[in-house]
1. Would a scan of the stretch 203-217 turn up a residue that is assigned by TED's automatic domain parsing to the domain that holds residue 306 and either in contact with a Phe, Trp or Tyr (Cβ under 7 Å, 6 or more places away or on another chain) or surrounded by fewer than 12 Cβ atoms within 10 Å (Cβ to Cβ) (or both)?
2. So which residues in the stretch 163-190 are surrounded by fewer than 22 Cβ atoms within 10 Å (Cβ to Cβ), among the aliphatic types (A, V, I, L, M) and assigned to a helix (DSSP H, G or I)?
3. Right, residue 336: more than 21 Å from residue 172 (Cα to Cα), within 13 Å of the ligand (Cβ to nearest atom) and touching a strand residue (DSSP E or B) at 6+ places or on another chain (Cβ under 8 Å) or not?
4. Looking only at residues that are within 13 Å of the ligand (Cβ to nearest atom) and within 22 Å of residue 291 (Cα to Cα) in the stretch 302-333, which one is nearest to the chain's Cα centre (by Cα)?
5. Restricting attention to the stretch 45-89, report how many residues are of a type outside the set (Lys, Arg), within 13 Å of the ligand (Cβ to nearest atom) and not in a loop (DSSP other than H, G, I, E, B).
6. Does residue 208 satisfy being under 18 Å from the mean Cα position of the chain (by Cα) and acidic (Asp, Glu)?
7. Which of the residues belonging to the stretch 216-263 are farther than 20 Å from residue 153 by Cβ and among the polar types (S, T, N, Q)?
8. Scanning the stretch 1-36 for residues that are without any contact (Cβ under 8 Å) to a residue 40 or more places away in the chain, more than 19 Å from residue 180 (Cβ to Cβ) and in contact with a helix residue (DSSP H, G or I) (Cβ under 9 Å, 6 or more places away or on another chain), which turns out nearest to the ligand (Cβ to nearest atom)?
Amino acid sequence: MRKISVGILGATGMVGQTIIRLMEDHPWFEVSEVAASERSTGKTYEEAMKNRWSASEEIPEGVRDMRLKDAKPGLDCDIVLSALDSSVASEIEKSFAKEGYPVSSNAKNHRMDEDIPLLIPEINHDHLELIERQRKNRGWKGFIITDPNCSTIHMCLALKPLIDSFGIEKVSVTTMQAVSGAGYPGVPSMDIIDNIMPFINDEEEKLETEPLKIFGSEKNAHIQNADIRISAQCNRVSVRYGHMEALSVKFSRKPDREEIIDSFKKFSPIKKLGLPSAPDRPVVYRKEENRPQNKLDLDIEGGMASVIGRLRECSILDYKFVVLGHNLVRGAAGAAILNAELLKAKGYLE
Ligand code: NAP
């Protein structure tokens, strides 16, 4: 099978380099182009990443000597994965879609557009139906799909089995988010070392609104938002990777504790699609009283799972628990790759 060629926009950033690392030896895809800002263009990928490559593995051989190009249409690839800074993502992604490229984006810019899917394959792959409406509305040959905010993804994966089995009315969530969530160089070290910052720009709004679209029902290429109330409080904490989220949930029908754990264990909704990056267990429940932890549990299922623990009754809502997830893998790069795999499996990359 000919591999599908992939261009990476924002290839030099935290998310872009994670895409490159995860894409090494991918069975369906190969990186054919890397693009970034004019600060990087013309350099080889290795030159541009001097003192910035953050993985323990070396830069993959096939990418090391590629020259970085401008992030504009004309790249030689079948699909682009965008890890662009949100200050520039909107116009650049639209220009690619207009010129016929499928775009799988990590950026926030188009997530809430009515005709653009906001996807988590395990939850709402039927929202791909928006693509045809998008093309028609905008007169584009290509299209844009998006993945959710890095905290939203993990919260939604944890909630989905509960919604399916018992229904959910209200969620209160407090996040403790890693520094790498702000990109590179991100939060100044003087601001974050030995500190907790109780504010992340726009983050609480994303956690409160994106899930309503993700859990929304699709009919005739329109999404009817889900009827759930979410209240979010977001904090930046002094860890490098991984977002921890403490949730309290009010159910439509209050289940037993064992029923909840059982619903997590049984959750494996897209196995039959055979997507190479899909984890066998999208949610993993840890029964130890002191897990999950950033230091120990971020690499479960290669960073593609949401790891849950500390399930107990809540005296205000029904139950509370914590969710831990890798912000750069399932929270960004791995999500954009999985969405691209979904496009391939559903015939959108022919
Ligand atoms: P980052 O480390 O700051 O990287 C930003 C990338 O955008 C770099 O490759 C940069 O290229 C490129 N860029 C900036 N200005 C540009 C321009 N004018 N033209 C073309 N390229 C330009 O940020 P990140 O953390 O990787 O995040 C990338 C995107 O993913 C953002 O939209 C972010 O909100 C989203 N996201 C991030 C995370 C996370 O955990 N970090 C999670 C979910 C979603 P140069 O190196 O040449 O400047």
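The values are calculated or read from the model by the stated rules, or taken from the named source; none is laboratory data. These numbers come from a predicted model, not from an experiment. A quick note on method: Cβ atoms are made from the backbone with ideal geometry, for glycine too, and the neighbour counts reach across all protein chains shown.
1. There is no residue in the stretch 203-217 that is assigned by TED's automatic domain parsing to the domain that holds residue 306 and either in contact with a Phe, Trp or Tyr (Cβ under 7 Å, 6 or more places away or on another chain) or surrounded by fewer than 12 Cβ atoms within 10 Å (Cβ to Cβ) (or both).
2. Once the filter is applied, which keeps residues that are surrounded by fewer than 22 Cβ atoms within 10 Å (Cβ to Cβ), among the aliphatic types (A, V, I, L, M) and assigned to a helix (DSSP H, G or I), the stretch 163-190 yields 163, 182, 190.
3. For residue 336, the condition - more than 21 Å from residue 172 (Cα to Cα), within 13 Å of the ligand (Cβ to nearest atom) and touching a strand residue (DSSP E or B) at 6+ places or on another chain (Cβ under 8 Å) - is met.
4. 331
5. Qualifying residue count, the stretch 45-89: 12.
6. In short, yes.
7. 220, 224, 238, 252
8. 34
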